[in-house]
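Notes follow once the structure below has been shown.
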Amino acid sequence: MNRKILQIAIPSIISNITVPLLGLIDIAIVGHLGSAAYIGAIAVGGLMFNIIYWLFGFLRMGTSGMTSQAYGKRDLNEVTRILIRAIGTGFCISFLMIILQYPIQKLAFTFIDAPHDVQELAIAYFSICIWGAPAVLGLYGFSGWFIGMQNSRFPMFIAIAQNIINIIASLSFVFFLKMKVEGVALGTLIAQYAGLIMAFSLWNRFYGKLKIRILWPEIIQKGAIKKFFQTNNDIFFRTLCLVTVTTFFTSTGAKQGDIILAVNTLLMQLFTLFSYIMDGFAYAGEALAGKYIGANNKTAFKKMIRLLFIWGIALSLAFTLLYGIGGKDFLRLLTNDTSVIIASEDYFYWALAIPAAGFSAFLWDGIFIGATATRQMLYAMLVSSTAFFLLYYSLHHTLGNHALWLAFLLYLSLRGIMQSIIFYKTKFFS
């Protein structure tokens, strides 16, 4: 069982780590163009797409859970139908995004306050990258489907290939063709479509026999479509809560001044690093939970959860120890601003508590997605998000930024606690 967990978790962790590299590569390239406005434009443009695509992450998660259950039942007809529904939904949403790109752009800049020169460059970046929406959302469907089929290696291969293509294309456009932000945007666009083409090629090569199972009347069957969208709606609103809390955390830190904003941003990098690892094990939970529920194998399901939490406890202890020993040195690698480093010492112990507070939420999310218990996962998120805001507004006058961190840790731990309670009261097996 441990081997099965690691076979899914390790490639997923590698895939997760490559995700921010696309943005870092773009920033590194424009960072040599001679103006800070180019860096700002990529940062703003990247933020816009991160929020948009984050909200549509349900296409990956919902597809993974439903596919793994159908795989466990050995229902290859349903496995195939789920993929077509996911990709079709992704394409429909992306085409709508392209049609509405102007109002989306205007809405985004009502919330993002950027200097005029940065805003103009960010609009140029956005206007090109928005055409990559079909590739990004289509790839979400493929990635979720591959994971549901117990295959996290293909998403890893695709993520690595996208980074290589993005580097080559962006460097060529910027330094050989003398393009600027537009060149970086085109490089990103090419990498996105290369990833989609690669996903389809891998599917066609290794799963092409499933083509004969594509029966359109069954794909658009009313009951199946209703279940597909109900599952994804729950995940969408759960993600909306997550985005709201995360955005509020950043914006509230910003209101407390540049130093506090910098401190919170740096300390959140410790959370981000931990999340890349735990998400890999959450993906394993998605794939295996769905598989065992589909196969009605309660014994294997319970064993998987037990081992998954052993990994979670061990990793949370390891990261707490790692951050305790080298966390402050890691912050010094990220900045040489002594005022920020000194200020971070007052809040560093909150970052030390992140692994212990957060690991169970990641693991339960994966298990609940695999079980397609998305409504229960949404309930846990609603309670946790509400508690976050109630605690912060109750204490921020007296505790300041400490109240923000305390509320965030409560939010993380309460998600895990709520899902633990729900799990033991919910029957995942008929």
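Taking the residues in the stretch 103-130 that are among the hydroxyl-bearing types (Ser, Thr, Tyr) and within 18 Å of residue 182 (Cβ to Cβ) as candidates, determine which candidate is modelled with the highest pLDDT. Reasoning before the result, please.
Taking the stretch 103-130 as the starting set, the residues that turn out to be among the hydroxyl-bearing types (Ser, Thr, Tyr) are 110, 125, 127.
Narrowing further to those that are within 18 Å of residue 182 (Cβ to Cβ): 125, 127.
Numbers: 125: 91, 127: 94.
Among those that are among the hydroxyl-bearing types (Ser, Thr, Tyr) and within 18 Å of residue 182 (Cβ to Cβ), it is 127.
This table checks each residue for (1) within 30 Å of residue 399 (Cα to Cα); (2) among the aliphatic types (A, V, I, L, M); (3) surrounded by fewer than 21 Cβ atoms within 10 Å (Cβ to Cβ); (4) under 24 Å from the mean Cα position of the chain (by Cα).
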{"position": "286", "(1), (2), (3), (4)": "no, no, no, yes"}
{"position": "299", "(1), (2), (3), (4)": "no, no, yes, no"}
{"position": "302", "(1), (2), (3), (4)": "no, no, yes, no"}
{"position": "329", "(1), (2), (3), (4)": "yes, no, yes, no"}
{"position": "339", "(1), (2), (3), (4)": "yes, no, yes, no"}
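Please determine, by comparing only the residues of the stretch 248-264 that are without any contact (Cβ under 8 Å) to a residue 40 or more places away in the chain and surrounded by fewer than 17 Cβ atoms within 10 Å (Cβ to Cβ), which one is nearest to residue 4 (Cα to Cα). Step by step, filter the stretch 248-264, then rank; the result is 250.
For the stretch 152-169, check the following and say yes or no: at least one residue is closer than 28 Å to residue 65 by Cα and not in a helix (DSSP H, G or I).
Just the residues of the stretch 152-169 that are closer than 28 Å to residue 65 by Cα, to begin with: 152-163.
Then keep just the ones that are not in a helix (DSSP H, G or I); that gives 152.
Looking for residues that are closer than 28 Å to residue 65 by Cα and not in a helix (DSSP H, G or I), one finds at least one in the stretch 152-169, hence yes.
Taking every residue in the stretch 196-210 that is surrounded by 17 or more Cβ atoms within 10 Å (Cβ to Cβ) and pairing it with any residue that is outside any helix (DSSP H, G or I), at least 6 positions away or on another chain, the pairs with Cβ-Cβ distances below 9 Å are 207/149.
Cβ-Cβ distances below 6 Å connect the following pairs, each with a first residue in the stretch 2-21 that is under 12 Å from residue 147 (Cα atoms), a second residue that is surrounded by fewer than 19 Cβ atoms within 10 Å (Cβ to Cβ), and a separation of six or more residues or different chains: 11/153. In the condition set (1) surrounded by fewer than 18 Cβ atoms within 10 Å (Cβ to Cβ); (2) at pLDDT 95 or above; (3) of a type in the set (S, T, N, Q), residue 384 is compliant with all but (1). For first residues located in the stretch 315-344 and closer than 23 Å to residue 359 by Cα, partners that are of a type in the set (Phe, Trp, Tyr) and part of a helix (DSSP H, G or I) and lie 6+ apart or on another chain with Cβ distances below 6 Å form the pairs 316/359; 319/274. Here residue 106 meets the list (1) in contact with an Asp or Glu (Cβ under 8 Å, 6 or more places away or on another chain); (2) more than 27 Å from residue 225 (Cβ to Cβ); (3) among the basic types (Lys, Arg) almost entirely, failing just condition (1).
If a residue has to be modelled with pLDDT of 85 or more and more than 28 Å from residue 93 (Cβ to Cβ) to count, how many in the stretch 7-60 make the cut? Residues that pass the stated criteria total 3. One residue stands out among those in the stretch 387-430 that are assigned to a helix (DSSP H, G or I) and of a type in the set (Gly, Ala, Ser): the one that is surrounded by the fewest Cβ atoms within 10 Å (Cβ to Cβ), which is 394.
The values are calculated or read from the model by the stated rules, or taken from the named source; none is laboratory data. Keep in mind it's a predicted model, so treat the numbers as computed, not measured. Counting neighbours? That spans all protein chains shown, and the Cβs are built from the backbone with ideal geometry, glycine included.
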